[in-house]
There are 2 protein chains.
Amino acid sequence: MRISALSERTGVPVATLKYYLREGLVPPGRPTAATQAAYDAGHVERVRLVRALTQTAGLALADVRRVLGVLDNPPADRLALLGAAQEAMLGAEATASGPGGEDPWPARVAAGLAELGWDCDPTLAARLAAQLRDAQRAGVAGLEDGWTAWARASRDVALADLASVPGDEEGAVRQVVVGTLLTDPVLATLRRIAQREVATDAAGVREADVTPEDASG
Amino acid sequence: MRISALSERTGVPVATLKYYLREGLVPPGRPTAATQAAYDAGHVERVRLVRALTQTAGLALADVRRVLGVLDNPPADRLALLGAAQEAMLGAEATASGPGGEDPWPARVAAGLAELGWDCDPTLAARLAAQLRDAQRAGVAGLEDGWTAWARASRDVALADLASVPGDEEGAVRQVVVGTLLTDPVLATLRRIAQREVATDAAGVREADVTPEDASG
(Lines give C-alpha, C1' and ligand atoms only; values in the text may rest on other atoms or scores of the structure.)
Protein backbone atom coordinates (compact mmCIF):
# COMPACT_ATOMS: atom_id res chain seq x y z
CA MET A 1 0.00 0.00 0.00
CA ARG A 2 1.06 3.63 -0.49
CA ILE A 3 1.77 5.96 2.43
CA SER A 4 -1.69 7.52 2.09
CA ALA A 5 -3.31 4.09 2.62
CA LEU A 6 -0.98 3.42 5.57
CA SER A 7 -2.21 6.70 7.04
CA GLU A 8 -5.85 5.72 6.51
CA ARG A 9 -5.38 2.24 8.02
CA THR A 10 -3.64 3.56 11.15
CA GLY A 11 -5.29 6.94 11.64
CA VAL A 12 -1.84 8.56 11.79
CA PRO A 13 -1.34 11.65 9.54
CA VAL A 14 1.06 11.30 6.58
CA ALA A 15 3.34 14.03 7.99
CA THR A 16 3.70 12.04 11.24
CA LEU A 17 4.41 8.83 9.29
CA LYS A 18 7.17 10.61 7.37
CA TYR A 19 8.60 11.76 10.69
CA TYR A 20 8.55 8.18 12.07
CA LEU A 21 10.32 6.99 8.89
CA ARG A 22 12.96 9.76 9.08
CA GLU A 23 13.62 8.92 12.74
CA GLY A 24 13.92 5.20 11.95
CA LEU A 25 11.03 4.24 14.28
CA VAL A 26 9.30 2.56 11.32
CA PRO A 27 11.38 0.65 8.74
CA PRO A 28 11.40 2.01 5.16
CA GLY A 29 8.91 0.62 2.64
CA ARG A 30 9.83 -1.29 -0.52
CA PRO A 31 10.81 1.37 -3.15
CA THR A 32 8.43 1.39 -6.14
CA ALA A 33 9.59 4.67 -7.77
CA ALA A 34 12.06 7.49 -7.07
CA THR A 35 9.76 9.08 -4.49
CA GLN A 36 7.36 6.24 -3.68
CA ALA A 37 7.41 3.11 -1.55
CA ALA A 38 5.05 0.26 -0.73
CA TYR A 39 4.09 -0.60 2.86
CA ASP A 40 2.66 -3.86 4.22
CA ALA A 41 0.81 -5.26 7.24
CA GLY A 42 4.06 -5.21 9.25
CA HIS A 43 4.23 -1.44 8.79
CA VAL A 44 0.63 -1.04 9.96
CA GLU A 45 1.48 -2.97 13.12
CA ARG A 46 4.68 -1.01 13.81
CA VAL A 47 3.00 2.37 13.25
CA ARG A 48 0.20 1.42 15.68
CA LEU A 49 2.79 0.36 18.23
CA VAL A 50 4.82 3.60 17.95
CA ARG A 51 1.62 5.63 18.16
CA ALA A 52 0.46 3.75 21.25
CA LEU A 53 3.84 4.09 22.96
CA THR A 54 3.95 7.84 22.39
CA GLN A 55 0.27 8.59 23.02
CA THR A 56 -1.16 6.00 25.42
CA ALA A 57 2.05 5.27 27.33
CA GLY A 58 3.31 8.85 26.94
CA LEU A 59 6.92 7.88 26.14
CA ALA A 60 9.47 10.32 24.75
CA LEU A 61 10.98 9.36 21.36
CA ALA A 62 14.29 8.33 22.96
CA ASP A 63 12.40 5.87 25.17
CA VAL A 64 10.32 4.57 22.27
CA ARG A 65 13.64 3.85 20.57
CA ARG A 66 14.87 1.87 23.61
CA VAL A 67 11.69 -0.17 23.72
CA LEU A 68 11.84 -0.88 19.97
CA GLY A 69 15.51 -1.84 20.38
CA VAL A 70 14.59 -4.58 22.87
CA LEU A 71 11.70 -5.70 20.66
CA ASP A 72 13.97 -5.97 17.60
CA ASN A 73 16.80 -7.78 19.45
CA PRO A 74 15.23 -9.91 22.16
CA PRO A 75 17.70 -11.65 24.56
CA ALA A 76 17.55 -15.47 24.41
CA ASP A 77 17.01 -16.21 28.13
CA ARG A 78 13.49 -15.63 29.41
CA LEU A 79 14.55 -13.97 32.67
CA ALA A 80 17.17 -11.77 30.94
CA LEU A 81 14.41 -10.85 28.52
CA LEU A 82 12.15 -9.68 31.33
CA GLY A 83 15.06 -7.70 32.80
CA ALA A 84 15.84 -6.00 29.48
CA ALA A 85 12.18 -5.31 28.90
CA GLN A 86 11.84 -3.70 32.31
CA GLU A 87 15.02 -1.68 31.80
CA ALA A 88 13.63 -0.30 28.56
CA MET A 89 10.45 0.65 30.40
CA LEU A 90 12.20 2.16 33.38
CA GLY A 91 14.07 4.63 31.20
CA ALA A 92 10.71 6.18 30.50
CA GLU A 93 9.86 6.70 34.12
CA ALA A 94 12.04 9.21 35.93
CA THR A 95 11.86 9.16 39.71
CA ALA A 96 11.03 12.52 41.24
CA SER A 97 13.59 13.38 43.88
CA GLY A 98 12.67 15.56 46.81
CA PRO A 99 14.99 17.54 49.08
CA GLY A 100 17.22 15.62 51.51
CA GLY A 101 16.60 14.89 55.18
CA GLU A 102 15.61 11.80 57.17
CA ASP A 103 14.21 9.14 54.85
CA PRO A 104 12.95 5.99 56.56
CA TRP A 105 11.56 4.51 53.32
CA PRO A 106 14.56 2.55 51.94
CA ALA A 107 14.72 0.58 55.23
CA ARG A 108 10.93 0.19 55.37
CA VAL A 109 10.78 -1.09 51.81
CA ALA A 110 13.66 -3.52 52.42
CA ALA A 111 11.93 -4.87 55.55
CA GLY A 112 8.56 -5.18 53.82
CA LEU A 113 9.99 -6.98 50.79
CA ALA A 114 11.88 -9.36 53.10
CA GLU A 115 8.64 -10.09 54.96
CA LEU A 116 6.93 -10.84 51.63
CA GLY A 117 9.89 -13.07 50.75
CA TRP A 118 10.52 -11.07 47.57
CA ASP A 119 13.98 -10.83 46.10
CA CYS A 120 13.83 -7.37 44.53
CA ASP A 121 16.08 -5.64 42.01
CA PRO A 122 17.85 -2.76 43.89
CA THR A 123 16.90 -0.19 41.20
CA LEU A 124 13.22 -1.06 41.51
CA ALA A 125 13.40 -1.08 45.33
CA ALA A 126 15.04 2.37 45.32
CA ARG A 127 12.39 3.67 42.93
CA LEU A 128 9.61 2.29 45.10
CA ALA A 129 11.10 3.85 48.25
CA ALA A 130 11.43 7.25 46.52
CA GLN A 131 7.84 7.15 45.23
CA LEU A 132 6.48 6.27 48.67
CA ARG A 133 8.57 9.00 50.29
CA ASP A 134 7.36 11.61 47.77
CA ALA A 135 3.71 10.56 48.22
CA GLN A 136 4.01 10.77 51.99
CA ARG A 137 5.72 14.19 51.83
CA ALA A 138 2.84 15.40 49.66
CA GLY A 139 0.40 14.47 52.42
CA VAL A 140 -0.77 10.93 51.55
CA ALA A 141 -1.68 8.99 54.73
CA GLY A 142 -1.62 5.29 55.55
CA LEU A 143 1.29 4.35 53.33
CA GLU A 144 3.24 2.39 55.96
CA ASP A 145 0.53 -0.25 56.17
CA GLY A 146 -1.01 0.27 52.75
CA TRP A 147 1.90 -0.46 50.47
CA THR A 148 2.32 -4.12 51.44
CA ALA A 149 -1.41 -4.70 50.82
CA TRP A 150 -0.87 -3.20 47.35
CA ALA A 151 2.16 -5.46 46.89
CA ARG A 152 0.07 -8.57 47.56
CA ALA A 153 -2.59 -7.38 45.09
CA SER A 154 0.17 -6.62 42.57
CA ARG A 155 1.25 -10.25 42.72
CA ASP A 156 -2.19 -11.23 41.37
CA VAL A 157 -1.81 -8.61 38.63
CA ALA A 158 1.63 -10.01 37.70
CA LEU A 159 0.31 -13.59 37.63
CA ALA A 160 -2.32 -12.46 35.11
CA ASP A 161 0.38 -10.55 33.19
CA LEU A 162 2.66 -13.54 32.86
CA ALA A 163 -0.15 -15.95 32.03
CA SER A 164 -0.66 -14.04 28.78
CA VAL A 165 3.01 -14.10 27.67
CA PRO A 166 3.30 -16.16 24.47
CA GLY A 167 5.97 -18.85 23.97
CA ASP A 168 7.96 -17.24 21.14
CA GLU A 169 10.66 -14.73 22.07
CA GLU A 170 9.55 -11.79 19.98
CA GLY A 171 5.98 -12.22 21.14
CA ALA A 172 7.14 -12.49 24.75
CA VAL A 173 9.17 -9.26 24.67
CA ARG A 174 6.35 -7.44 22.96
CA GLN A 175 3.89 -8.66 25.56
CA VAL A 176 6.04 -7.75 28.57
CA VAL A 177 7.22 -4.33 27.38
CA VAL A 178 4.28 -3.12 25.38
CA GLY A 179 1.69 -5.03 27.37
CA THR A 180 2.84 -3.58 30.67
CA LEU A 181 3.33 -0.01 29.42
CA LEU A 182 0.04 0.11 27.57
CA THR A 183 -2.02 -1.52 30.28
CA ASP A 184 -0.76 0.62 33.19
CA PRO A 185 -3.57 3.07 32.27
CA VAL A 186 -6.07 0.15 32.21
CA LEU A 187 -5.07 -0.77 35.76
CA ALA A 188 -5.33 2.87 36.86
CA THR A 189 -8.90 2.98 35.50
CA LEU A 190 -9.80 -0.35 37.12
CA ARG A 191 -8.50 1.01 40.43
CA ARG A 192 -10.90 3.98 40.19
CA ILE A 193 -13.82 1.73 39.18
CA ALA A 194 -13.05 -0.61 42.08
CA GLN A 195 -12.77 2.31 44.53
CA ARG A 196 -16.30 3.36 43.65
CA GLU A 197 -17.54 -0.21 43.86
CA VAL A 198 -16.00 -0.74 47.30
CA ALA A 199 -17.28 2.66 48.52
CA THR A 200 -20.81 1.97 47.23
CA ASP A 201 -20.78 -1.46 48.92
CA ALA A 202 -19.68 0.15 52.18
CA ALA A 203 -22.31 2.91 51.90
CA GLY A 204 -25.01 0.29 51.13
CA VAL A 205 -24.08 -1.79 54.15
CA ARG A 206 -24.08 1.28 56.41
CA GLU A 207 -27.48 2.41 55.09
CA ALA A 208 -29.02 -1.04 55.56
CA ASP A 209 -27.59 -1.27 59.08
CA VAL A 210 -28.57 2.17 60.27
CA THR A 211 -31.83 3.11 58.58
CA PRO A 212 -33.81 0.00 57.56
CA GLU A 213 -37.11 1.85 58.19
CA ASP A 214 -36.23 4.55 55.64
CA ALA A 215 -36.05 2.03 52.77
CA SER A 216 -39.83 1.91 52.32
CA GLY A 217 -40.26 5.74 52.37
CA MET B 1 9.34 32.32 57.16
CA ARG B 2 10.48 34.30 54.08
CA ILE B 3 10.14 32.96 50.56
CA SER B 4 13.81 31.91 50.54
CA ALA B 5 13.19 29.70 53.61
CA LEU B 6 10.03 28.28 51.97
CA SER B 7 12.21 27.40 48.97
CA GLU B 8 14.78 25.70 51.19
CA ARG B 9 12.18 23.71 53.13
CA THR B 10 10.41 22.44 49.99
CA GLY B 11 13.29 22.18 47.53
CA VAL B 12 11.29 24.28 45.05
CA PRO B 13 13.18 27.24 43.45
CA VAL B 14 12.04 30.76 44.42
CA ALA B 15 11.16 31.55 40.79
CA THR B 16 8.80 28.54 40.72
CA LEU B 17 7.25 29.56 44.05
CA LYS B 18 6.55 33.04 42.65
CA TYR B 19 4.92 31.40 39.65
CA TYR B 20 2.69 29.24 41.92
CA LEU B 21 1.72 32.38 43.87
CA ARG B 22 0.94 34.36 40.69
CA GLU B 23 -1.20 31.47 39.39
CA GLY B 24 -3.07 31.20 42.70
CA LEU B 25 -1.99 27.57 43.28
CA VAL B 26 -0.50 28.60 46.62
CA PRO B 27 -2.30 31.21 48.79
CA PRO B 28 -0.45 34.51 49.40
CA GLY B 29 1.66 34.88 52.54
CA ARG B 30 0.99 37.39 55.32
CA PRO B 31 2.42 40.77 54.11
CA THR B 32 5.29 42.02 56.30
CA ALA B 33 6.53 44.84 54.05
CA ALA B 34 5.77 46.31 50.63
CA THR B 35 7.57 43.52 48.80
CA GLN B 36 7.81 40.85 51.51
CA ALA B 37 5.49 38.25 53.02
CA ALA B 38 5.68 35.56 55.70
CA TYR B 39 4.83 31.91 54.96
CA ASP B 40 3.90 29.14 57.41
CA ALA B 41 3.67 25.35 57.68
CA GLY B 42 0.45 25.37 55.62
CA HIS B 43 2.37 26.92 52.73
CA VAL B 44 5.06 24.27 52.98
CA GLU B 45 2.39 21.57 52.75
CA ARG B 46 0.59 23.20 49.81
CA VAL B 47 3.83 23.77 47.85
CA ARG B 48 4.80 20.11 48.34
CA LEU B 49 1.37 19.07 47.13
CA VAL B 50 1.46 21.24 43.99
CA ARG B 51 4.99 20.04 43.25
CA ALA B 52 3.96 16.39 43.63
CA LEU B 53 0.88 16.83 41.45
CA THR B 54 2.87 18.42 38.63
CA GLN B 55 5.99 16.26 38.89
CA THR B 56 5.05 12.85 40.27
CA ALA B 57 1.50 12.71 38.92
CA GLY B 58 2.44 14.72 35.81
CA LEU B 59 -0.69 16.91 35.84
CA ALA B 60 -1.06 20.07 33.74
CA LEU B 61 -1.66 23.28 35.68
CA ALA B 62 -5.34 23.37 34.69
CA ASP B 63 -5.79 19.91 36.22
CA VAL B 64 -3.84 20.82 39.34
CA ARG B 65 -6.31 23.68 39.70
CA ARG B 66 -9.29 21.26 39.43
CA VAL B 67 -7.80 18.97 42.06
CA LEU B 68 -7.06 21.88 44.42
CA GLY B 69 -10.63 23.13 43.83
CA VAL B 70 -12.07 19.84 45.12
CA LEU B 71 -9.63 19.84 48.05
CA ASP B 72 -10.59 23.39 49.04
CA ASN B 73 -14.36 22.80 48.69
CA PRO B 74 -15.07 19.17 49.58
CA PRO B 75 -18.69 17.98 49.04
CA ALA B 76 -20.45 16.90 52.24
CA ASP B 77 -21.60 13.41 51.19
CA ARG B 78 -18.89 10.76 51.21
CA LEU B 79 -19.94 9.13 47.91
CA ALA B 80 -20.38 12.50 46.16
CA LEU B 81 -16.93 13.33 47.49
CA LEU B 82 -15.44 10.24 45.86
CA GLY B 83 -17.22 11.12 42.61
CA ALA B 84 -15.92 14.71 42.63
CA ALA B 85 -12.44 13.50 43.52
CA GLN B 86 -12.46 11.05 40.62
CA GLU B 87 -13.82 13.66 38.23
CA ALA B 88 -10.96 15.98 39.14
CA MET B 89 -8.52 13.17 38.47
CA LEU B 90 -10.12 12.07 35.22
CA GLY B 91 -9.64 15.49 33.68
CA ALA B 92 -5.95 14.81 33.85
CA GLU B 93 -6.16 11.58 31.90
CA ALA B 94 -7.19 12.01 28.29
CA THR B 95 -8.28 8.85 26.51
CA ALA B 96 -6.39 8.15 23.30
CA SER B 97 -8.84 7.55 20.49
CA GLY B 98 -7.92 5.36 17.57
CA PRO B 99 -9.49 5.24 14.10
CA GLY B 100 -13.03 3.87 13.75
CA GLY B 101 -14.07 0.36 12.77
CA GLU B 102 -15.53 -2.64 14.62
CA ASP B 103 -15.01 -2.24 18.35
CA PRO B 104 -16.13 -5.18 20.48
CA TRP B 105 -14.75 -3.68 23.70
CA PRO B 106 -17.70 -1.62 25.02
CA ALA B 107 -19.88 -4.77 24.94
CA ARG B 108 -17.09 -6.93 26.40
CA VAL B 109 -16.49 -4.48 29.24
CA ALA B 110 -20.22 -4.23 29.97
CA ALA B 111 -20.53 -8.05 30.08
CA GLY B 112 -17.42 -8.44 32.25
CA LEU B 113 -18.53 -5.79 34.75
CA ALA B 114 -21.99 -7.40 34.94
CA GLU B 115 -20.35 -10.76 35.67
CA LEU B 116 -18.32 -9.16 38.45
CA GLY B 117 -21.54 -7.60 39.74
CA TRP B 118 -20.02 -4.12 39.49
CA ASP B 119 -22.20 -1.10 38.90
CA CYS B 120 -19.82 1.12 36.92
CA ASP B 121 -19.94 4.80 36.06
CA PRO B 122 -20.46 5.03 32.24
CA THR B 123 -17.56 7.47 31.77
CA LEU B 124 -15.16 5.10 33.51
CA ALA B 125 -16.53 2.09 31.58
CA ALA B 126 -16.07 3.94 28.26
CA ARG B 127 -12.54 4.92 29.23
CA LEU B 128 -11.70 1.34 30.17
CA ALA B 129 -13.10 -0.01 26.88
CA ALA B 130 -11.09 2.56 24.86
CA GLN B 131 -7.86 1.76 26.73
CA LEU B 132 -8.31 -1.99 26.20
CA ARG B 133 -9.12 -1.45 22.51
CA ASP B 134 -6.02 0.75 22.02
CA ALA B 135 -3.77 -1.76 23.81
CA GLN B 136 -5.10 -4.63 21.69
CA ARG B 137 -4.68 -2.63 18.45
CA ALA B 138 -1.06 -1.98 19.47
CA GLY B 139 -0.47 -5.74 19.63
CA VAL B 140 -1.05 -6.65 23.30
CA ALA B 141 -2.32 -10.24 23.61
CA GLY B 142 -4.52 -11.97 26.17
CA LEU B 143 -6.62 -8.95 27.11
CA GLU B 144 -10.02 -10.67 26.77
CA ASP B 145 -9.24 -13.00 29.68
CA GLY B 146 -6.66 -10.84 31.43
CA TRP B 147 -8.64 -7.74 32.23
CA THR B 148 -11.16 -9.38 34.57
CA ALA B 149 -8.26 -10.94 36.52
CA TRP B 150 -6.84 -7.43 36.84
CA ALA B 151 -10.26 -6.16 37.95
CA ARG B 152 -10.38 -8.68 40.80
CA ALA B 153 -6.85 -7.70 41.89
CA SER B 154 -7.88 -4.02 41.65
CA ARG B 155 -10.64 -4.65 44.17
CA ASP B 156 -7.96 -5.61 46.71
CA VAL B 157 -6.06 -2.43 45.84
CA ALA B 158 -9.23 -0.34 46.32
CA LEU B 159 -9.96 -2.00 49.68
CA ALA B 160 -6.48 -0.97 50.85
CA ASP B 161 -7.06 2.53 49.37
CA LEU B 162 -10.30 3.08 51.25
CA ALA B 163 -9.00 1.59 54.50
CA SER B 164 -6.59 4.53 54.72
CA VAL B 165 -9.20 7.28 54.15
CA PRO B 166 -9.47 9.43 57.31
CA GLY B 167 -12.80 10.39 58.87
CA ASP B 168 -12.68 14.15 58.33
CA GLU B 169 -13.83 15.51 54.98
CA GLU B 170 -10.80 17.51 53.99
CA GLY B 171 -8.53 14.62 54.89
CA ALA B 172 -10.74 12.21 52.96
CA VAL B 173 -10.70 14.25 49.74
CA ARG B 174 -6.98 14.76 50.00
CA GLN B 175 -6.46 11.04 50.50
CA VAL B 176 -8.68 9.94 47.59
CA VAL B 177 -7.52 12.51 45.04
CA VAL B 178 -3.91 13.00 45.98
CA GLY B 179 -3.45 9.51 47.36
CA THR B 180 -4.68 7.85 44.19
CA LEU B 181 -2.87 10.15 41.76
CA LEU B 182 0.41 10.01 43.63
CA THR B 183 0.37 6.29 44.26
CA ASP B 184 -0.47 5.19 40.71
CA PRO B 185 3.32 5.23 40.07
CA VAL B 186 3.84 3.17 43.25
CA LEU B 187 1.44 0.53 41.94
CA ALA B 188 3.16 0.57 38.53
CA THR B 189 6.49 -0.11 40.24
CA LEU B 190 5.01 -2.86 42.43
CA ARG B 191 3.61 -4.48 39.29
CA ARG B 192 7.12 -4.64 37.76
CA ILE B 193 8.64 -5.96 41.00
CA ALA B 194 5.91 -8.60 41.23
CA GLN B 195 6.39 -9.59 37.57
CA ARG B 196 10.03 -10.36 38.29
CA GLU B 197 9.13 -12.21 41.47
CA VAL B 198 6.53 -14.35 39.70
CA ALA B 199 8.90 -15.01 36.76
CA THR B 200 11.79 -15.95 39.07
CA ASP B 201 9.50 -18.31 40.99
CA ALA B 202 8.41 -19.94 37.74
CA ALA B 203 12.02 -20.23 36.49
CA GLY B 204 13.11 -21.73 39.84
CA VAL B 205 10.36 -24.33 39.70
CA ARG B 206 11.23 -25.26 36.11
CA GLU B 207 14.94 -25.55 36.92
CA ALA B 208 14.29 -27.79 39.95
CA ASP B 209 11.95 -29.97 37.89
CA VAL B 210 14.11 -30.37 34.83
CA THR B 211 17.76 -30.33 35.91
CA PRO B 212 18.14 -31.41 39.53
CA GLU B 213 21.53 -32.98 38.75
CA ASP B 214 22.96 -29.65 37.52
CA ALA B 215 22.44 -28.01 40.90
CA SER B 216 25.59 -29.55 42.37
CA GLY B 217 27.82 -28.70 39.41
Item to check | Members of segment A:1-19 that are aliphatic (A, V, I, L, M), within 28 Å of the chain's Cα centre (by Cα) and within 13 Å of chain B (Cβ to nearest Cβ) | outcome: A:Leu6, A:Val12
Checklist entry - Can you spot a residue in segment B:166-173 that is under 27 Å from A:Thr10 (Cα atoms) and either in a helix (DSSP H, G or I) or within 7 Å of chain A (Cβ to nearest Cβ) (or both)? => result no
Item to check | Complete set of residues in segment B:134-176 that are in contact with a Gly (Cβ under 6 Å, 6 or more places away or on another chain) and at pLDDT 85 or above | outcome: B:Thr148, B:Ala160
Checklist entry - Which members of segment B:132-151 meet the condition of being closer than 23 Å to A:Glu197 by Cα and within 7 Å of chain A (Cβ to nearest Cβ)? => result B:Leu132, B:Gly146, B:Trp147, B:Ala149, B:Trp150, B:Ala151
Checklist entry - What pairs can you find where one residue is in segment A:117-131 and more than 7 Å from chain B (Cβ to nearest Cβ), the other is part of a loop (DSSP other than H, G, I, E, B), and their Cβ atoms are less than 7 Å apart, with a gap of 6+ or different chains? => result A:Ala130/A:Thr95; A:Ala130/A:Ser97
Item to check | Among residues of segment A:129-156, those that are part of a helix (DSSP H, G or I), open to solvent by less than 10 Å² (accessible area, probe 1.4 Å) and touching a Leu at 6+ places or on another chain (Cβ under 7 Å), counted | outcome: 6
Next on the checklist: Anything in segment B:42-57 that is part of a helix (DSSP H, G or I) and open to solvent by less than 40 Å² (accessible area, probe 1.4 Å)? List them, or say none.
Outcome noted: B:His43, B:Val44, B:Val47, B:Leu49, B:Val50, B:Ala52, B:Leu53, B:Thr54
Next on the checklist: Any residue that is at pLDDT 90 or above, open to solvent by less than 20 Å² (accessible area, probe 1.4 Å) and under 27 Å from B:Leu132 (Cα atoms) - is there at least one of those in segment A:16-24?
Outcome noted: yes
Item to check | In segment B:58-80, the residues that are at pLDDT below 75 and either in a helix (DSSP H, G or I) or of a type in the set (Asp, Glu) (or both) | outcome: B:Asp77, B:Arg78, B:Leu79, B:Ala80
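The values are calculated or read from the model by the stated rules, or taken from the named source; none is laboratory data. Because the structure is a prediction, the values reported are computed rather than measured. No Cβ is skipped: glycine too gets one built from the backbone with ideal geometry, and neighbour counts run over all protein chains shown. Surface accessibility is based on the protein's heavy atoms, side chains included, excluding ligands, DNA and RNA. Shrake-Rupley method; radii C 1.70, N 1.55, O 1.52, S 1.80 Å.
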